[in-house]
1. Examine region B:171-185 for a residue that is surrounded by 17 or more Cβ atoms within 10 Å (Cβ to Cβ) and in contact with a strand residue (DSSP E or B) (Cβ under 6 Å, 6 or more places away or on another chain), and state whether such a residue exists.
2. Hey, could you check region B:74-120 for residues that are at pLDDT 90 or above, under 16 Å from residue B:130 (Cα atoms) and crowded, with 24+ Cβ neighbours inside 10 Å and say which is nearest to the other protein chains (Cβ to nearest Cβ)?
3. Looking at region B:172-225, what strands (runs of 3 or more DSSP E) fall wholly within it and have at least 3 residues that are over 17 Å from the mean Cα position of the chain (by Cα)?
4. Can you tell me which residues in region B:39-55 are modelled with pLDDT of 90 or more and in contact with a helix residue (DSSP H, G or I) (Cβ under 7 Å, 6 or more places away or on another chain)?
5. Working only within region A:168-202, note down all residues that are within 14 Å of chain B (Cβ to nearest Cβ) and within 24 Å of the chain's Cα centre (by Cα).
6. In a helix (DSSP H, G or I), within 11 Å of chain A (Cβ to nearest Cβ) and in contact (Cβ under 8 Å) with a residue 60 or more places away in the chain, is that true of residue B:149?
7. Would you please name the residue that is farthest from the other protein chains (Cβ to nearest Cβ), looking only at residues in region B:47-64 that are closer than 19 Å to residue B:158 by Cα and under 14 Å from the mean Cα position of the chain (by Cα)?
8. For region A:94-143, give me each residue that is over 30 Å from residue B:100 (Cα atoms) and outside any helix (DSSP H, G or I).
């Protein structure tokens, strides 16, 4: 497996931001995002303030900026969409570098890019400074329904297992001379995805059986078996240092 | 003799799709025994195991654990008494940390606080994994995960430990370490396995299940050296392994 310590999104550290209680960070992220989304996209300077806040938090967390930047690739599809908008939107046109672009489209693209980027950076910062299990404990403390937290817990636990299974299936496919180079190969990939789905489903059943075998009766007793809760005292109860403002 | 820990009588079972897996199985395991359950693929071994703690309900016949019949009302107590370690530790370990996972079973039994903490530590200590309590299971090696899976069941202080293919996918060192752990446990063991040398090493007694019935039950040495029996039920010793050259009861 050769998996390193911690999750791929997590950057190990002991900064103020790392030590801040997870529920505070989650709540801050949520408030920050609501404020950003509610901000009119024409208030250009305000976005500068948001960015400055984020940069300050990242600096305080001592996570290398490049670490965050590399993980921003998830935003690429949105960037592509945003870049297309000025071309496809209708309405009054302006000339930029010899291209005729829609004014509304430009503004919409800016809004999407600015808000999207702020959201992605803020979320990545949360992920980089919070261990997945602390995040779950934080959600629990925020009174997120138990079932949802459990589902997230299972997701985190089995993400690596399923990814590894997917990788093994790909390796096995490629060992038999297959590689998905063109659209014509997609049916094979789709069938693999189907097989992976069934395998995961069956694994879910086996996990359930194993849980039943250890006396699981349908209710996870809070406090004792909640992911992250048993251990909350020794490792995660950091001094509740005050985090500045409403950002994550 | 006293009440057997495991008392299976005339157990028959057919899956909902009509496929019948067990045709009247009789099996008695007494306290402190280590028994290997052998048999080819599809013999019904896993089906039998799932009856032992009431995951599957007997179509005919009965299963009792230390005198307690495996029925709906008793299922919680039966699952405490029968600890099953499944073949794939990834199926068994689902919590974000080893500690939480080992705590899962005893917490379901109602343990809390200090008592729970102590139970977890003892179980991890028995398999030599105390130092890994705070690690996520998916960052452990396969052998370590198998050991933690054993600990998750030991934490429930079962009367019988049922292991499904305990040596599968283990490297020889992990395999030996697990054998040492199992030998050191003061608990009755039923081990489902294809690994005949492992059965010979650990279990003085073997039961052979084939096509849903018990076809042999006796000393492991006698079973493994009965060539007619072995070949009739698709059991084969690995190349170079001959119990005769090792001599009879070595396991203790």
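The values are calculated or read from the model by the stated rules, or taken from the named source; none is laboratory data. Because the structure is a prediction, the values reported are computed rather than measured. FYI the Cβ positions are ideal-geometry reconstructions off the backbone, even for glycines, and counts take in every protein chain you see.
1. Narrowing region B:171-185 to residues surrounded by 17 or more Cβ atoms within 10 Å (Cβ to Cβ): B:174-175, B:177-179, B:181-182.
Checking the rest, the ones that are also in contact with a strand residue (DSSP E or B) (Cβ under 6 Å, 6 or more places away or on another chain) come to none.
Among the residues of region B:171-185, not one is surrounded by 17 or more Cβ atoms within 10 Å (Cβ to Cβ) and in contact with a strand residue (DSSP E or B) (Cβ under 6 Å, 6 or more places away or on another chain), which makes the answer no.
2. Per the stated criteria, the residue is B:103.
3. Details: elements: B:188-192, B:205-210, B:213-219.
Fully inside region B:172-225 and qualifying: B:213-219.
4. If the condition is that a residue be modelled with pLDDT of 90 or more and in contact with a helix residue (DSSP H, G or I) (Cβ under 7 Å, 6 or more places away or on another chain), then B:39 is the only one that fits.
5. Going through region A:168-202, the residues within 14 Å of chain B (Cβ to nearest Cβ) turn out to be A:168, A:199-202.
A:200, A:201 - these are the residues of region A:168-202 that are within 14 Å of chain B (Cβ to nearest Cβ) and within 24 Å of the chain's Cα centre (by Cα).
6. Working: in a helix (DSSP H, G or I): yes; within 11 Å of chain A (Cβ to nearest Cβ): yes; in contact (Cβ under 8 Å) with a residue 60 or more places away in the chain: yes.
Here the answer is yes, as residue B:149 does meet what is asked.
7. Here the answer is B:48.
8. If the condition is that a residue be over 30 Å from residue B:100 (Cα atoms) and outside any helix (DSSP H, G or I), then A:94, A:95, A:96, A:97, A:98, A:99, A:100, A:101, A:102 are the ones that fit.
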